[in-house]
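What follows is one structure encoded as structure tokens, with my remarks underneath.
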Amino acid sequence: MEVIQLENVTKIYKLGEVETRALDDVTLNIKEGEFTTLVGPSGSGKTTMLQMMGCLDKPNSGVVKINGQDVIRLNANKRADMRRDMIGFIFQFFALVPVLTAYENVELPLLLKGVEKKERHERTMEMLNAVGLSDRVHHRPDQLSGGQQQRVAIARALAPEPSLVLADEPTANLDTASGKQAMEVMQKLNEKTETAFIFATHDPRIVAYAKRVVKMQDGRLVND
């Protein structure tokens with residue numbers, strides 16, 4: 001089953017009279033459980049692609065479907081519901097809430113989703129155990145290393161049981177050992193949950209883990 005379907009997607013950004021085609025007639029399908037990496041130079045369209053898949057932006061033309069639903073036709077509230085219920089995000093700078101503990105950061109999307117307290121607790125602890133941080137549940141982000149913060153971010157992204165996790169340069173701010181650990185955690189969770197993972201990266205460490213590599217240049221997909 002396709003989790004994501006992009007059909008002839010074009011995205012044009014305008015600055016004054018200058019137009020930039022960030023995506024140029026892109027067609028791409030991502031199936032359930034895929035572990036996919038988007039690679040290409042800066043400006044190739046990787047981040048824009050993630051924004052389309054994550055319901056963070058709309059294309060100028062083309063179709064974007066998540067689990068078969070055309071998200072372009074949804075209003076802002078429905079798109080927000082789609083992000084909350086079906087999509088997890090992992091960011092380069094972790095994007096944890098600084099005043100919340102690791103437990104509270106992972107629990108937050110479950111609160112927003114309206115999950116009951118007992119299930120919230122079980123799911124939060126399950127994810128913190130899965131990323132090896134059951135002994136850091138009461139630590140705030142400033143009490144954690146970069147690698148530990150990224151593992152909290154991974155747990156937070158997976159806690160609501162999304163169909164899709166999108167990661168933009170998730171190892172860019174990690175040392176080699178921490179980056180390797182983060183990728184191994186995500187690989188194991190991908191195999192266990194069959195959640196699709198899509199990474200945008202320049203990092204060869206991530207490419208080495210990918211089951212599928214999608215190359216981009218000048219807003220287009222590149223075939224070898």
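The values are calculated or read from the model by the stated rules, or taken from the named source; none is laboratory data. Note that the coordinates shown come from a computational prediction; the quantities given were computed from them, not determined experimentally. Note that we place each Cβ from the backbone using ideal geometry, even for glycine, and neighbour counts take in every protein chain shown.
The figures follow:
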quantity: In segment 89-124, residue farthest from the chain's Cα centre (by Cα) [restricted to those that are farther than 16 Å from residue 149 by Cβ and not in a helix (DSSP H, G or I)]; calculated: 116
quantity: Per-region count, segment 33-86, residues on the phi < 0 side of the Ramachandran plot, in contact with a His (Cβ under 9 Å, 6 or more places away or on another chain) and assigned to a loop (DSSP other than H, G, I, E, B); calculated: 2
quantity: Residue 201 touching a residue at least 40 places away in the same chain (Cβ under 8 Å) and either surrounded by 15 or more Cβ atoms within 10 Å (Cβ to Cβ) or farther than 21 Å from residue 6 by Cβ (or both); calculated: yes
quantity: Checklist (1) in contact with a strand residue (DSSP E or B) (Cβ under 8 Å, 6 or more places away or on another chain); (2) surrounded by 20 or more Cβ atoms within 10 Å (Cβ to Cβ); (3) among the charged types (D, E, K, R) applied to residue 220, failing item; calculated: (2)
quantity: When residues of segment 9-28 are limited to those that are within 19 Å of residue 54 (Cβ to Cβ) and exposed (fewer than 14 other Cβ atoms within 10 Å of the Cβ), the one modelled with the highest pLDDT; calculated: 27
quantity: First in segment 111-139 and on the phi > 0 side of the Ramachandran plot, second anywhere and charged (D, E, K, R), Cβ under 7 Å, 6 or more apart; calculated: 132/151
quantity: Count - residues of segment 12-32 that are in a strand (DSSP E or B), among the charged types (D, E, K, R) and touching a residue at least 60 places away in the same chain (Cβ under 8 Å); calculated: 4
quantity: Matching residues, segment 70-98, being loosely packed, with under 14 Cβ neighbours inside 10 Å and within 24 Å of residue 8 (Cα to Cα); calculated: 70, 73, 75, 76, 78, 80
quantity: Subset of segment 138-183 (residues that are of a type in the set (A, V, I, L, M) and touching a Leu at 6+ places or on another chain (Cβ under 9 Å)); calculated: 144, 152, 153, 154, 155, 157, 158, 159, 165, 166, 167, 182
quantity: From 137, 115, 106, residue being in contact with a Lys or Arg (Cβ under 8 Å, 6 or more places away or on another chain) and over 25 Å from residue 52 (Cα atoms); calculated: 115
